[in-house]
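Asks: The structure's right below; bear with me while I get my questions together.
Nothing in this text is a laboratory measurement; each read-out follows from the coordinates by a stated rule. Bear in mind the structure is a predicted one, so any value in this text is a computation, not a measurement. For neighbour counting, all protein chains shown are included, and Cβ atoms are generated from backbone atoms with ideal geometry for every residue, glycine included.
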Amino acid sequence: MDDTVTFGDIYRARRAVHGRVRRTPLVPSPSLGEHAAAPVYLKLEHQQLTGSFKLRGATNAVANLDAAQRRRGAVGFSTGNHGRGLAYACRAAGVRCVICMSRLVPRNKVQAIEALGAEVRIVGDSQDDAEREVARLVAEEEMTLVSPFDDPHVIAGQGTLGLEIVAELADVDRVVVPLSGGGLVAGVARAVKTLRPQARVVGVTMERGAAMYASQQAGRPVPVEELPSLADALGGGIGAENRYTFAMVHELVDDLVLVSEAEIAAAIHHAYWQEQQIVEGAGAVGIAALMAARIPAAGATVIVTSGGNIDMGLHHRVVSGEPVDLSAAHA
Ligand SMILES: *Cc1c(COP(=O)(O)O)cnc(C)c1O
């Protein structure tokens, strides 16, 4: 089968990202271990450079550009963690990076991308307008589009996180991974299950707009309505023309679990007060699933906290136990 990512791809990615991304800590969590009545560890990937694992995939994708592609540059349309990762990876490699976004994107997100050295191109009033500009840059200027998840180099780069887990905890029984488009869980599951076939991999998403979950249920990629969520980095569809992650999730992921907004809030709260970690909503869904007993207790468990880029005003309200108005938080 061609449209998949192998362990060899991930092994090569490890060399490509070595020294360019941080090897993040794996730490025991006694309080979550008590919850689960099993040893629980946190893979603190929210401490990655740029604040999320997306840097791994972007770094590997940029490392795999050929000389002509490097000259013309890379382009993307994510305003969030993938945009940050791609901008950072391109600057580190001396490659031009253009991120397209609509006029509706808040100023602070524009500035965060610009501060990482990317050109921001503001086009139109919707995500669709931004995507059309990306398509134009690819067609007319021959720039390379780097997808946030459905790209073999991106998936292989995310898989390096799985290698790190097994290197430190050879007898891991279960890995719990936040899930949106599925690049992270696909890469991690390929790495972990190659080295330790009996380990189970669990993907966790928010109830509000779970595109991969709905697609696996339907047996094909389906669109879902996008709703405001504390786990905003998990929003968006998996693409009607999905090539890699839909099949890899079907092949490799043992359980798909959904968590509610209240459970995500409780997990952000727990991460702060019990683990002394600032984790964004998307990064906290694994903790949420464990605390809400949505995953069965079974052996040595690793929970990936995948990102930390949260608006600090919103974070303050959540950890203070104040009610959160998400429509305002995301305006
Ligand atoms: C993108 C993202 C995810 C989901 O990753 P996919 O590869 O799209 O499944 C999870 N957590 C954070 C913080 C993210 O930025």
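Asks: Go over the candidates ALA262, ALA271 one by one and state the one that is outside any loop (DSSP other than H, G, I, E, B) and within 16 Å of the ligand (Cβ to nearest atom).
Replies: One residue alone meets the criteria, ALA271.
Asks: Exactly one condition in (1) within 13 Å of the ligand (Cβ to nearest atom); (2) closer than 20 Å to ARG121 by Cβ is false for LEU55; which is it?
Replies: Against the list (1) within 13 Å of the ligand (Cβ to nearest atom); (2) closer than 20 Å to ARG121 by Cβ, LEU55 comes up short only on (2).
Asks: So GLU251 passes all but one of these: (1) under 25 Å from ALA170 (Cα atoms); (2) within 11 Å of the ligand (Cβ to nearest atom); (3) among the acidic types (Asp, Glu). Which condition number does it fail?
Replies: For GLU251, the exception is condition (2).
Asks: So which residues in segment 128-173 are assigned to a helix (DSSP H, G or I) and within 16 Å of the ligand (Cβ to nearest atom)?
Replies: PRO152, HIS153, VAL154, ILE155, ALA156, GLY157, GLN158, GLY159, THR160, LEU161, GLY162, ILE165
Asks: Restricting to segment 218-235, count the residues that are in a loop (DSSP other than H, G, I, E, B) and either exposed (fewer than 12 other Cβ atoms within 10 Å of the Cβ) or among the polar types (S, T, N, Q) (or both).
Replies: 4
Asks: Quick check on my filter: what residues within segment 52-77 are surrounded by fewer than 24 Cβ atoms within 10 Å (Cβ to Cβ) and of a type outside the set (A, V, I, L, M, F, W, C)?
Replies: Passing the criteria: ASN64, ASP66, GLN69, ARG70, ARG71, ARG72, GLY73.
Asks: Okay, next question. Hey, could you check segment 135-165 for residues that are among the aliphatic types (A, V, I, L, M) and out of contact with any strand residue (DSSP E or B) (no Cβ under 9 Å at 6 or more places or on another chain) and say which is surrounded by the most Cβ atoms within 10 Å (Cβ to Cβ)?
Replies: The selected residue is VAL154.
Asks: Still on this model: So which residues in segment 109-125 are outside any strand (DSSP E or B) and under 26 Å from GLY51 (Cβ atoms)?
Replies: Answer for segment 109-125, where residues must be outside any strand (DSSP E or B) and under 26 Å from GLY51 (Cβ atoms): LYS109, VAL110, GLN111, ALA112, ILE113, GLU114, ALA115, LEU116, GLY117, ALA118, VAL123.
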